[in-house]
1. Assigning unit charges at the beta carbon (Lys, Arg +1; Asp, Glu -1) and nothing else, what dipole magnitude in debye, to the nearest 20, does segment 37-80 show about its Cα centre?
2. Based on Cβ point charges of +1 for Lys and Arg and -1 for Asp and Glu, what charge dipole magnitude is obtained for the chain about its Cα centre, in debye rounded to the nearest 20?
3. Starting from 0.36 nm per residue, how many nanometres of slack lie between residue 101 and residue 38 once their C-alpha separation is accounted for?
4. Going by Cα centres, segment 75-102 and segment 1-60 are how many Å apart?
5. Within the chain, what's the longest stretch lacking trypsin sites (Lys or Arg not before Pro) that sit in DSSP loops with no more than 16 other Cβ atoms inside 10 Å?
6. With loop defined by DSSP as not H, G, I, E or B, and exposure as at most 11 other Cβ atoms within 10 Å, which is the longest segment of the chain clear of exposed chymotrypsin sites (Phe, Trp or Tyr not before Pro)?
7. Over segment 1-64, what is the relative contact order in whole percent, taking alpha-carbon pairs under 8 Å and six or more residues apart?
8. Do any cysteines in the chain lack another Cys Cβ under 4.7 Å, and if so which?
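Readers should treat all values here as calculations from the given coordinates under stated rules, not as data from a laboratory. Source: prediction; values computed, not measured. We place every Cβ from the backbone using ideal geometry, glycine too, and count neighbours over all the protein chains shown.
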Amino acid sequence: VQLQACGGGLVQAGGSLRLSCVASGSSFSISIMSWHRQAPGKQRDLLASITSGGDANYADSVKGRFTISRDNARNTVNLQMNSLKPDDTAVYYCSVRRYGSNYWGRGTLVTVSS
């Protein structure tokens, strides 16, 4: 499974960005799709995940601001990020789980200026 994320960039605090990630290759039977982020000097954290049935879960840090969505037909997972804060600055990664294995994209940088 190959993952390609896009949509990162520079945005002012309070602004919005939408990240997208497309899975290709052996992308059938993907169960969970998720977004993570890693700020400089910090561990990679799970932000949001969504099942093939559309059930979503969020980390407390982004609940109410970020929305994860998924298009199973296109093997795509999106992350709508609103009310962005400087603390949201990080490299954002998409990940998928397929038959018990996790696959990761290369990451896209999000920078939020104050």
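1. Working: 7 positive and 4 negative charges, 34 e Å.
Taking the Cα centre of segment 37-80 as origin, the dipole is about 160 debye.
2. Details: 12 positive and 6 negative charges, 30 e Å.
With Lys and Arg at +1 and Asp and Glu at -1, about 140 debye.
3. Working: separation 63, 0.36 × 63 = 22.68 nm, distance 2.06 nm.
That pair, residue 101 and residue 38, stretches by 20.6 nm at full extension.
4. 2 Å
5. Working: sites that count: 42, 63, 65, 106.
Longest run free of exposed loop sites: 1-41.
6. Counting at most 11 other Cβ atoms within 10 Å as exposed, the longest clean stretch of the chain is 29-98.
7. Details: 76 pairs, mean separation 14.2, N = 64.
Averaging sequence separation for qualifying contacts and normalising by length gives 22 percent for segment 1-64.
8. So far as the 4.7 Å Cβ criterion goes, 6 stand without a partner in the chain.
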